[in-house]
Amino acid sequence: MTHKPSDEEIDQMVDDIDQVIFARPGWAAHNLAGVLLSRVTLLMTMDPAVGKELVKYVWEKLDEIEQADPGNML
C-alpha cells in the first residue's frame, strides 16, 4: 500500500530539500540540478510512469521559460 502524504508532509519535504540545497551556497546550479536529476532517475526505476510524467512536466516548464525569453536560458 502506498502512503499518500498530506500537504503538510509534502511542505516539510520541500523544506528539507531546500535546507540541503541552501546548505551548499557555493555549488553551481548545474551540480545541484545533476544531483536532483539523479534522484528523478532513481524514482523512474521505482515507478517509470511517475518519472516520465515528472520529466515531461519539467521539460514543458523549461520550454515556457525559453519561449518567454528566447536565447537567455537554454
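Tabulated results
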item	result
Net +/- balance of residues flanking residue 53 in space, Cβ distance below 13 Å, scoring K and R +1, D and E -1	+1
Overall Cα dimensions of the stretch 7-68 - principal axes, largest extent first, Å	30, 30, 23
Positive minus negative residues near residue 70 (Lys, Arg vs Asp, Glu; Cβ under 14 Å)	-4
Most mobile of 36, 62, 54 in a GNM of the chain (Cα contacts under 10 Å)	62
Nonlocal amide H pairs with residue 27, under 5 Å, H built at 1.01 Å	none
Residue-by-residue Karplus 3J(HN,Hα) for the stretch 25-37, coefficients 6.51, -1.76, 1.60, Hz, glycine and proline x	x, x, 6, 6, 4, 5, 5, 5, 4, x, 5, 5, 5
Farthest positive-ward along the chain dipole, Cα basis, beta-carbon charges - from 59, 2, 44	44
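Each value in this text was obtained by applying a stated rule to the coordinates, not by laboratory testing. No experiment lies behind these values; they were computed from the predicted model shown. Cβ sites come from the backbone with ideal geometry, for glycine too, and all protein chains shown count toward neighbours.
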